[in-house]
Structure formats: C-alpha cells, structure tokens
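Worksheet: one structure, shown below.
The values are calculated or read from the model by the stated rules, or taken from the named source; none is laboratory data. Source: prediction; values computed, not measured. For neighbour counting, all protein chains shown are included, and Cβ atoms are generated from backbone atoms with ideal geometry for every residue, glycine included.
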Amino acid sequence: MQKNQFFRQGIVLTAVSFFMRVTGIIYRSYLARSMGTEGVGLYQLIFTVFTLSVTLSTSGISLAVTRIVSARLVKGRSDTVRSAVSRCLGYCLCVSCSIAVIFLMLAPTLADRLLGTEQAAPALRMLAVGLPFMSVCTCMRGYFLAVDESLSTISGDLTEQLLTIGLTIGLFSWMHPQTPTDACMLAMAASSTGEIAGCLLTWCLYRRSLKRHTPPKGVRSKGIFRSLLHIALPGTMSSAARNLLGTTENLMIPRGLRQFGASYSEAMSAYGVLQGMAYPALFFPSAFLTAFSSLLIPQVAKAHAANRQAYIRHVTHRALAATLAFGSAAMVFFLFFGKETGRWLYNSDTAGFYLQLLAPLVILMYLDGVVDSILKGLDEQFSSFKYNVTDSSIRVILVTFLLPRFGLSAYICILFFSTIFNASLSIHRLLKVTDLKIDLLHDLILPLAVSSALAAVVKCFLLWFGK
C-alpha cells in the first residue's frame with residue numbers, strides 16, 4: 001500500500017513537474033524573444049545575486065522539517081508536530097525578514113557594484129519583498145513531504161508559476177519596457193507577486209492538513225532548534241558557501257569575457273545564451289526525476305532511522321539505474337537534436353550549439369541531483385557540503401585565471417571538469433555508505449546503446465523525409 005502511494009504521488013508530481021518545466025521553458029523562450037540575449041543575461045545575473053539571500057533563508061529548512069516531523073511520526077509523537085513546525089516557521093520568518101530588510105537597504109549598492117548598473121536596484125527590491133513568503137513555503141514543503149502529502153505543494157507551486165508568467169506577459173504588453181533593466185524590474189515584480197499568492201494558498205492547505213494528522217491540542221516540542229541546526233546548518237552552510245562562490249563565479253564570467261576583449265553587450269549576451277538559455281533546456285528533461293528524488297528523502301530517512309539497510313540498498317539501486325537510463329536518453333537527444341532544439345526554443349543557433357556541446361554532462365548532472373537527495377536522507381549532508389564547497393572554490397579559481405586569457409572556451413572546459421569532479425565524489429560516497437555495486441554494462445552502456453540506435457534511426461528518417 002505504501003509502495004503504491006509512493007508511485008502514485010511520484011507519477012502525479014512528475015506530470016506536474018513536467019508541466020511546470022514546459023511552461024518554464026516557454027517562459028524563457030518568451031523572455032529571450034522579448035528582452036534579447038542581453039536582457040536574458042541581466043535577468044539571469046540579477047537572480048544569481050539574489051540567490052545567496054534565498055539560500056540563507058531557505059536552504060536546509062525543508063530537509064530539516066521533513067526529518068524532524070518524520071522522526072516524530074515514526075515514534076508516535078504526532079501531538080508534538082504542530083509545535084515543531086511552528087518553531088521552524090518562526091525561525092524561517094526571523095531569518096528571511098532580516099535578510100530582506102538588509103537586501104532592500106543595500107539594493108542600489110549591490111546593483112551598482114555587482115551588476116554594473118544602479119538601475120537594476122528596483123528589480124532586486126522587488127525580489128526581496130517575496131523572500132519571507134518563499135522561506136515559509138519551503139518550510140511547509142518539508143512538512144508535506146514528511147506526512148506523504150507532497151501533492152499538496154502542487155497547488156501553491158502552480159499558482160506561483162502561472163501567475164508569474166501571466167503577470168509578466170500582461171505587464172510587458174501593457175508597459176512595453178524599452179530597456180533590459182525596465183524589463184527585468186517588471187519580471188521580478190511578477191515573480192514576487194506569484195510567490196505571495198502561492199504562499200497564501202499553501203498556508204491554507206497546511207492548516208487543513210494539520211487537522212488530519214495531529215490532535216487538536218498539541219504538546220510543546222523540545223529540542224527543535226538543536227535538531228534544526230544539526231540538520232539545516234550543514235545544508236545552509238554548504239548552499240551558502242557554494243552560492244557565494246557561484247555568485248562570484250557568475251559575476252566574473254561577463255567581466256572575464258570583457259577582459260578577453262568582448263564588449264559589455266557581447267559579454268552579457270554570451271552569458272545569457274549559456275546560463276539563461278542552454279542550461280535551463282539541458283535540465284528540462286530532469287522534471288521526470290525531480291519529483292521522485294524529492295520523495296526519496298523521507299523514504300530513505302525513515303528507513304535509515306529504522307536501520308533497514310537492505311531496503312536502502314534496493315531503493316538506491318532502483319533510483320540510480322532509472323536515472324542512468326533516463327540520463328542516457330536525454331544526453332543522446334541533445335547530441336543528435338540540440339541544434340534543432342535551440343532554434344525551436346530560442347531561435348538561436350548559438351544556444352543549439354551549446355546544447356550539443358554540453359550534452360555529455362547531462363547524465364552526471366541528473367545523477368548528482370538524485371544522489372544528493374539520497375545522501376540527505378542518510379544524514380550525509382556534511383559530505384555534500386565538503387564536496388560542493390571544494391568544487392565551487394576550484395571553479396572560482398579557474399574562472400579567475402583562465403577566462404580572461406582563453407574566453408568562453410575555457411569556461412566550457414571548467415564546466416566539464418567541475419561536473420565530473422563533483423558527481424564522482426558524491427557517487428563514491430553514496431556507494432560506500434550503502435555498500436552498493438553498480439552494473440555499468442546493464443545500467444549505463446545498454447541504455448546508451450539503445451538510445452543512440454533509436455536516435456540515429458530517427459535522425460536518418462528526418463533527413464530522408466526532409467529531402
């Protein structure tokens with residue numbers, strides 16, 4: 001019964017995740033055509049700067065709430081759940097509101113020194129308004145995962161995304177922004193409005209869920225902040241360190257390209273095509289994996305708490321085998337049809353070129369996300385912290401010294417090295433703690449061969465049909 005529920009939730013979440021990825025990629029395509037590659041580059045860079053504040057407000061919270069609530073439910077202490085989640089929500093609000101105020105005050109300075117234009121400050125302020133709502137939603141998402149009601153997060157997520165897209169299109173059609181900074185400000189205003197609406201709906205669903213899973217009168221829960229810090233702090237430190245380094249890296253890419261000889265517009269356009277167009281398209285197929293990987297965290301956490309090692313190995317092997325097979329199909333697709341995908345989505349041959357060039361990394365990108373989810377469920381988040389910080393530090397150093405001398409080709413090489421390095425460390429750690437063996441012939445080589453053969457047949461058919 002529990003297994004069937006897991007797969008039912010996974011199928012529904014996958015369908016919704018796929019729909020959201022489709023609408024998201026269409027939204028990216030709309031932005032690219034409305035703002036141009038320079039506007040997309042600035043849009044992506046603004047979000048990159050804002051990511052650090054989001055990380056400090058939300059990172060590790062969802063995992064912490066999931067594990068805290070799961071542990072209490074396993075021990076039959078549902079009467080303490082209300083108190084536990086309330087304290088986690090209070091922590092989220094305190095941290096996120098403090099960071100939002102700081103961000104509002106420093107927006108002009110951040111825009112001028114980091115983005116190169118003080119006119120981007122209104123866009124940063126717009127994002128800061130939605131930060132507390134984003135943090136609260138993350139906390140409630142952890143609760144829903146713990147009580148096996150992950151479907152309850154769908155309504156809030158759909159509301160947020162659809163409202164953001166609808167408002168952006170409406171504002172662009174009404175106000176006709178003339179500059180990239182004006183366009184970014186309108187898009188960020190729509191994003192924060194969507195966050196607020198999604199949070200309010202999620203809160204209503206959370207209150208209704210509490211009535212089903214907890215007694216009307218709860219008991220005060222003890223040790224919440226200690227548990228919260230133990231679980232969330234390594235994740236927050238890992239994400240904060242990685243995002244700080246990642247933000248530094250992303251800010252240095254346009255600067256490095258300008259030092260290499262490109263103009264401001266050319267550097268921002270190149271950054272926009274790579275990070276704002278190619279990367280979202282590469283991750284688009286992973287919608288089929290994201291839903292199931294999020295469900296793995298509470299499943300593995302409960303099995304780990306009950307010391308069910310055989311079950312953990314079984315679940316881990318199934319998850320890795322499915323990811324390898326799916327990642328192989330996605331990689332082959334981008335290798336064979338990357339150019340056509342870039343033209344269809346963005347009307348850009350350059351984006352298609354990067355899709356084909358980066359396609360070999362797709363398997364490791366997808367696998368790394370699933371492996372991280374399983375490691376979190378096994379209380380191995382500190383290992384991820386070490387690997388992520390090491391990887392990001394190396395990337396910043398390489399970008400600093402190589403990009404001004406060799407341009408964008410150096411950054412492509414850095415991406416290959418970084419993805420292989422980080423994924424290898426995470427996979428090795430997972431295999432070690434689970435004592436799991438992977439059959440590369442059956443789990444990797446065979447899916448690659450089948451996917452390649454099918455793609456070659458389709459490619460030949462399309463070429464013949466085109467003639």
How many residues does the range 164-184 hold that are among the aromatic types (Phe, Trp, Tyr) and closer than 16 Å to Thr117 by Cα? 0
Taking the range 63-102 only, how many residues are surrounded by 20 or more Cβ atoms within 10 Å (Cβ to Cβ), small (Gly, Ala, Ser) and closer than 26 Å to Pro216 by Cβ? 3
Subset of the range 249-285 [under 26 Å from Asn388 (Cα atoms), among the polar types (S, T, N, Q) and touching a Leu at 6+ places or on another chain (Cβ under 8 Å)]: Asn250
For the range 34-51, give me the residue count where each residue is surrounded by fewer than 21 Cβ atoms within 10 Å (Cβ to Cβ) and either more than 18 Å from the chain's Cα centre (by Cα) or within 11 Å of Met277 (Cα to Cα) (or both). 3
Please indicate, with yes or no, whether at least one residue in the range 198-215 is at pLDDT 85 or above and within 22 Å of Ala120 (Cα to Cα). no
For the range 440-467, give me the residue count where each residue is modelled with pLDDT of 85 or more and surrounded by 12 or more Cβ atoms within 10 Å (Cβ to Cβ). 15
Hits in the range 237-278 - residues which are small (Gly, Ala, Ser), over 13 Å from Gly116 (Cβ atoms) and assigned to a helix (DSSP H, G or I): Ser238, Ser239, Ala240, Ala241, Gly246, Gly256, Ser269, Ala270, Gly272, Gly276, Ala278
Of everything in the range 135-175 that's touching a residue at least 40 places away in the same chain (Cβ under 8 Å) and aromatic (Phe, Trp, Tyr), which residue is farthest from Leu56 (Cα to Cα)? Phe172
Would you tally the residues in the range 351-379 being modelled with pLDDT of 85 or more, over 19 Å from the mean Cα position of the chain (by Cα) and surrounded by fewer than 20 Cβ atoms within 10 Å (Cβ to Cβ)? 4
Is one or more of the residues making up the range 295-312 within 20 Å of the chain's Cα centre (by Cα), in a helix (DSSP H, G or I) and among the small types (Gly, Ala, Ser)? no
Out of (1) free of Cβ contacts under 8 Å to residues at least 12 places away in the same chain; (2) hydrophobic (A, V, I, L, M, F, W, C); (3) buried (at least 22 other Cβ atoms within 10 Å of the Cβ), the one Ile253 does not meet is (1)
Test: residue in the range 337-359 that is in a loop (DSSP other than H, G, I, E, B) and among the polar types (S, T, N, Q): yes
With respect to Ala123, is the statement that it is touching a helix residue (DSSP H, G or I) at 6+ places or on another chain (Cβ under 6 Å), hydrophobic (A, V, I, L, M, F, W, C) and within 21 Å of Gln44 (Cβ to Cβ) true? yes
When the range 126-150 is checked residue by residue, the ones that are at pLDDT 85 or above and surrounded by fewer than 20 Cβ atoms within 10 Å (Cβ to Cβ) are Val129
Taking the range 63-85 and keeping residues farther than 27 Å from Asp372 by Cα and in a helix (DSSP H, G or I) leaves Ser78, Asp79, Thr80, Arg82, Ser83
When restricted to Phe385, Phe401, the only residue aromatic (Phe, Trp, Tyr) and under 30 Å from Tyr311 (Cβ atoms) is Phe385
Does Leu324 qualify as being more than 19 Å from Lys432 (Cα to Cα) and part of a helix (DSSP H, G or I)? no
